[in-house]
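Just below is one structure, and these are the notes that go with it.
The values are calculated or read from the model by the stated rules, or taken from the named source; none is laboratory data. Model, not experiment: these values are computed from the prediction. To get the accessible areas, we keep the full protein, side chains included, count just its heavy atoms, and leave off ligands, DNA and RNA. Shrake-Rupley method; radii C 1.70, N 1.55, O 1.52, S 1.80 Å.
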Amino acid sequence: MEAEMSAFAALDVPQEQTAICVVNVSGRVLAEAKVATCPDAIAGWLAAQTADVERIGMETGPLAVWLWNALAERGLPAVCLEARHANGVLKMTPNKTDRLVARGLAQIGRSGWFRAVQIKSRDAYVTRASLTARDKLVSLRASLENEVRGLPKTFGVTSGKRLGGFKRRAGEIIARDLAVSPGLVPIFEALMPVWRDVLARIADLARRIRVIAGSHQTVRLLMTVPASGRLLRWQSSRRSMMPDGSAARRVPGPTLA
């Protein structure tokens with residue numbers, strides 16, 4: 001590839017092989033290739049083509065965070081393009097092969113007509129993963145409780161409201177009320193240990209999240225605002241769950257803009 005003052009590159013990133021396209025300032029394609037979806041392979045190929053890459057564009061996607069961080073650590077000017085915005089431009093491409101998508105992304109990166117997405121730190125994504133995992137476990141807990149409440153209704157056994165909550169009532173159903181249908185006992189005995197384990201995992205993640213929140217300067221600053229705990233909890237989710245698995249109380253208030 002002939003020497004150029006500056007160049008713009010783009011990546012189309014499937015799981016196994018990444019399509020790369022490099023264009024010059026006037027939009028002419030200088031080089032194209034497919035390499036393994038590996039930061040070292042991508043960086044090595046780009047270094048062999050040109051020493052001056054002004055921008056390396058790629059769409060948001062499952063591998064974008066990992067690849068962006070890896071390329072940034074190698075000193076490459078990676079930019080993550082907002083996928084919906086890029087897709088609006090790429091709709092004009094008649095055939096969306098990996099090579100043509102990479103070429104289109106390179107032209108978008110060269111022109112500057114794109115919306116860059118901010119990539120957060122790895123620690124931020126670990127925190128997000130913890131919150132996501134806890135949310136999934138809370139949903140699983142609710143699903144298991146609904147099953148335990150719903151299965152015996154066919155046999156006239158209702159959970160109702162009992163002092164001591166769901167755990168005590170489920171124990172009463174297994175020990176006494178399922179005499180009308182002993183075949184359900186093994187099913188309940190299989191579900192309840194899973195429910196207890198899920199509840200314990202929710203509590204573990206909740207403790208981890210509280211530690212992270214307590215060490216986060218922005219969170220600590222927000223909590224100094226009077227009534228901020230209730231306001232932020234209500235704003236984030238009207239149907240959030242407390243660390244012990246019980247439903248959070250709704251906090252009335254106006255709709256936030």
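Expressed in units of 2.2 N^0.38 Å, where N is the residue count, the Cα radius of gyration of the range 20-164 is 1.63. Backbone amide hydrogens, once placed in the peptide plane, bring ALA31 within less than 5 Å of VAL22, excluding anything fewer than 5 places away on its chain.
Per the Debye calculation on the range 49-88 with a single equal scatterer at every Cα and no solvent contribution, log₁₀ I(q)/I(0) for q = 0.14, 0.22, 0.31, 0.34 Å⁻¹ amounts to -0.33, -0.71, -1.04, -1.13. Among HIS85, HIS216, the sequence by solvent-accessible area, most first, with a 1.4 Å probe is HIS216, HIS85. Database remark: amide H of GLN17 closer than 5 angstrom to the amide H of THR37 (H placed geometrically; neighbours at sequence offset of 5 or more, or on other chains; Pro and chain starts carry no H).
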